[in-house]
Amino acid sequence: MSLTIALAMLSLTQVGPSASPYANETPAQHDKRMKWFREARFGMFIHWGVYSVPAGTYEGKRIPWIGEWIMHQAKIPMATYQAYAKEFNPTKYDADAWVKLAKEAGMKYIVITSKHHDGFAMFNSKASDWNIVSATPFKRDPLKELAAACKKYGVKLGFYYSQAQDWNHPGGAAAGGHWDKAQDGDMTEYIKNVAVPQVKEILSNYGPVACLWWDTPVDMTKKRADLLLPLLKLQPGIIFNNRLGGDYRGDTETPEQFIPATGYPGRDWETCMTMNDTWGYKSFDNNWKSTEMLIRNLVDIASKGGNYLLNVGPNSLGEIPAPSVERLHAIGAWMKRNGRAIYATSPSPFKRLPWGRCTRVTGKSGSTLYLHVFDWPRDGKLMVPGLLNEVEGASLMVGGKKLATARSADGVTISIPPTAPDAISSTIVLKVKGDLKITAPVLQQSASGDLTLSPSEADLHGSEISVEGDAKNENIGFWTNPKDWLEWTFRAVRPGKYALSAEMAGYANSKVTVSVGSQKLEVITPATGSYSTYRRVEMGAIEISAAGKVTISVRPVANGWQPVNLRAIKLVPADK
Ligand code: H79
């Protein structure tokens, strides 16, 4: 984890009177306000602005990183950047077609950049001439057209607004970097003169606005945030994210470009992600994610109770790139068949499934488990480990073919056809009776004795500690509180002496104790210079005296504790 995040969390305890229109909201009112978001599961992010004109290239050079950051990355002077607007004439823009595309992909809402960090208003703004109606030959207001199309198709509309970073208004580049005298100015004045009136405009002139997507709250003090937050009253019921600043947590967590390992229990959340490597259009970025990855991401996110806000970056003519359109069509075809297992579902009750993911709808008399099978077993048997409920029935979601089931002490086994109905993700509908009864399957030591204890297998105890990163880069982090600890339980099959080692990262030599029964090892953690640079640490040896359940726990030594990221602990027989 980063220390800035840890510090931001600490300062949460110091908030004063709240300017939030929802400060006195009851839990029931909150649930009602969040209802559409919780059911939606899938939305379209649109990053569109003047940056689609240079499209990643400046003075003949391909500028690295994300396309909407080109002005910042190439340190383009304000006057030079503003000249691009004269070439911004998106005559192919068709709001109706965009919304139809989103709707047919199964998306329930759209969030579009009303103003990104380049300060360019994609709407008719009286607060600044640096807007699409005044500064381009196009002269139309694309947000007006988008709002009308969203209304027509019943798709919700939200606005992204970069409140803290604005490279084309004096004072707006105070926080995020500065390279042109013309950017000089006071940030609070910028917020009062540009951000406040513009947020009023987008919340007043476009009909219902479902959410406000703030971004990059650099230098957003509570005083500054309090100038903006009360404006949300203009849209009763509007949702806002956690990026306003001023210690306001907002309604949603917003993991960017990753899927959190365990979601955010108790918080609503939305992963935003690009389809290639940029948000704003770049003519030469062809690193497109596969349809398989996008669909599996959507399933993964739904199984953890979140939403997928998937980005498109239209070009300067107003066209969504063909590879994006192609993928959205394919996702839409999958959603037509399987969407019932995605929308308005609850998170998986299983910690881990060997073949895919699970979503669920729980009623009074039982639960419907939607089993999303990525890796279709070839032996005709799908095992749902640890599920102890009586089964009411199982079937394929597409076509409805009934499937036989068998219960055992280990779980429920479903007889399945030899080949997967869907190469990307096939859905099995499993109805079970009564309250869910699931035992977490116990980790098994292999016959050779080697065992890796991974983050997602750990039982975490405490307020902040959590599993972070995606499947390939899982780690236990946010270990800011020395009272937080973790343990692994597994079934040993090979008694004997074992060498323990761990992969760890962090800034300081903290201490942890590793306990197995009455055996204790004290381990000094490595100072690796960053929270993502891992080093393997030999922890010492322990004895497993008999086959059966073994618990290994790891606890911080409070004195001098500084956060540590832990990737995995490895056991290797000492006689090997
Ligand atoms: O709107 C999208 C991004 O433009 C915005 N959030 C999403 C939704 C975003 N703003 N900041 N960041 C994301 C963090 C990214 C920082 C980077 Fe860079 C920009 C990495 C490379 C360019 C700034 C400049 C940090 C390193 C170089």
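The values are calculated or read from the model by the stated rules, or taken from the named source; none is laboratory data. What you see is a predicted model; the values in this text were computed from it and never measured. Cβ coordinates were reconstructed from backbone atoms using ideal geometry, including for glycine residues, and neighbour counts include every protein chain displayed. The area values use the complete protein model at the heavy-atom level, side chains included, leaving out ligands, DNA and RNA. Shrake-Rupley method; radii C 1.70, N 1.55, O 1.52, S 1.80 Å.
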Among the residues that make up the stretch 37-55, is at least one of them open to solvent by 80 Å² or more (accessible area, probe 1.4 Å) and either away from the ligand (no atom under 16 Å from the Cβ) or modelled with pLDDT of 95 or more (or both)? no
Could you list, in sequence order, all residues of the stretch 336-360 that are buried (at least 17 other Cβ atoms within 10 Å of the Cβ) and assigned to a strand (DSSP E or B)? 356, 357, 358, 359, 360
Tell me, which strands (runs of 3 or more DSSP E) lie completely within the stretch 374-441 with 1 or more residues that are open to solvent by less than 40 Å² (accessible area, probe 1.4 Å)? 381-385, 391-396, 411-415, 426-433
Residue check, residue 190 within 16 Å of the ligand (Cβ to nearest atom) and open to solvent by less than 50 Å² (accessible area, probe 1.4 Å): no
All conditions in (1) open to solvent by 10 Å² or more (accessible area, probe 1.4 Å); (2) assigned to a helix (DSSP H, G or I); (3) modelled with pLDDT of 95 or more are true of residue 217 except (2)
Being touching a residue at least 40 places away in the same chain (Cβ under 8 Å) and of a type in the set (Asp, Glu) is the filter here, so list the residues in the stretch 505-558 that pass it. 543
Restricted to the stretch 110-127, and to residues that are more than 17 Å from residue 88 (Cα to Cα) and open to solvent by 10 Å² or more (accessible area, probe 1.4 Å), which residue is nearest to the ligand (Cβ to nearest atom)? 127
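Tell me, which residue of the stretch 56-76 that is assigned to a loop (DSSP other than H, G, I, E, B), open to solvent by 10 Å² or more (accessible area, probe 1.4 Å) and within 14 Å of the ligand (Cβ to nearest atom) is nearest to residue 340 (Cα to Cα)? Steps first, please.
Quick first cut of the stretch 56-76, residues assigned to a loop (DSSP other than H, G, I, E, B) only: 56, 59-60, 63-66, 74-76.
Next cut, open to solvent by 10 Å² or more (accessible area, probe 1.4 Å) only: 59-60, 63-66, 74-75.
Now drop any that are not within 14 Å of the ligand (Cβ to nearest atom), which leaves 63-66, 74-75.
Values: 63: 42, 64: 40, 65: 37, 66: 35, 74: 46, 75: 48 Å.
Of everything passing the filter in the stretch 56-76, 66 is nearest to residue 340 (Cα to Cα).
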Working carefully through the options 245, 263, find the one that is at pLDDT below 95 and under 22 Å from the mean Cα position of the chain (by Cα). 263
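For the stretch 443-556, list the strands (runs of 3 or more DSSP E) that sit wholly inside it and hold at least 1 residues that are hydrophobic (A, V, I, L, M, F, W, C) and in the same structural domain as residue 300 (by TED's automatic domain parsing); which are they? Before the answer, list the steps.
Values: elements: 451-453, 459-461, 466-468, 475-477, 485-492, 496-506, 511-516, 519-524, 535-544, 548-556.
No strands (runs of 3 or more DSSP E) qualify here.
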For the stretch 248-271, state whether one or more residues are among the aliphatic types (A, V, I, L, M), within 16 Å of the ligand (Cβ to nearest atom), touching a Leu at 6+ places or on another chain (Cβ under 9 Å) and within 21 Å of residue 43 (Cα to Cα). no
Note down all Cβ pairs under 7 Å where the first residue falls in the stretch 394-408 and is in the same structural domain as residue 421 (by TED's automatic domain parsing) and touching a residue at least 60 places away in the same chain (Cβ under 8 Å), the second is open to solvent by less than 20 Å² (accessible area, probe 1.4 Å) and not small (Gly, Ala, Ser), and they're at least six residues apart or on different chains. 397/338; 397/427; 397/428; 397/429
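How many residues are more than 28 Å from the chain's Cα centre (by Cα) and more than 21 Å from residue 280 (Cβ to Cβ) if we restrict to the stretch 139-173? So that I can check it myself, show each step before the final result.
Just the residues of the stretch 139-173 that are more than 28 Å from the chain's Cα centre (by Cα), to begin with: 139-141, 144-145, 148, 152, 168-171.
Cutting the leftovers down to more than 21 Å from residue 280 (Cβ to Cβ) gives us 139, 144, 148, 152, 170-171.
Selection size over the stretch 139-173: 6.
Kindly check whether there is at least one residue in the stretch 449-465 that is over 30 Å from residue 266 (Cβ atoms) and open to solvent by 30 Å² or more (accessible area, probe 1.4 Å).
Within the stretch 449-465, the subset over 30 Å from residue 266 (Cβ atoms) is 449-451.
Now restrict to residues that are open to solvent by 30 Å² or more (accessible area, probe 1.4 Å): 450.
Yes, the stretch 449-465 contains a residue that is over 30 Å from residue 266 (Cβ atoms) and open to solvent by 30 Å² or more (accessible area, probe 1.4 Å).
Provide a single number: the residues in the stretch 277-302 that are open to solvent by 10 Å² or more (accessible area, probe 1.4 Å) and not acidic (Asp, Glu).
Taking the stretch 277-302 and keeping what is open to solvent by 10 Å² or more (accessible area, probe 1.4 Å), we get 277, 279, 281-293, 296-297, 300.
Still in the list and also not acidic (Asp, Glu): 279, 281-284, 286-291, 293, 296-297.
Residues in the stretch 277-302 being open to solvent by 10 Å² or more (accessible area, probe 1.4 Å) and not acidic (Asp, Glu): 14 in total.
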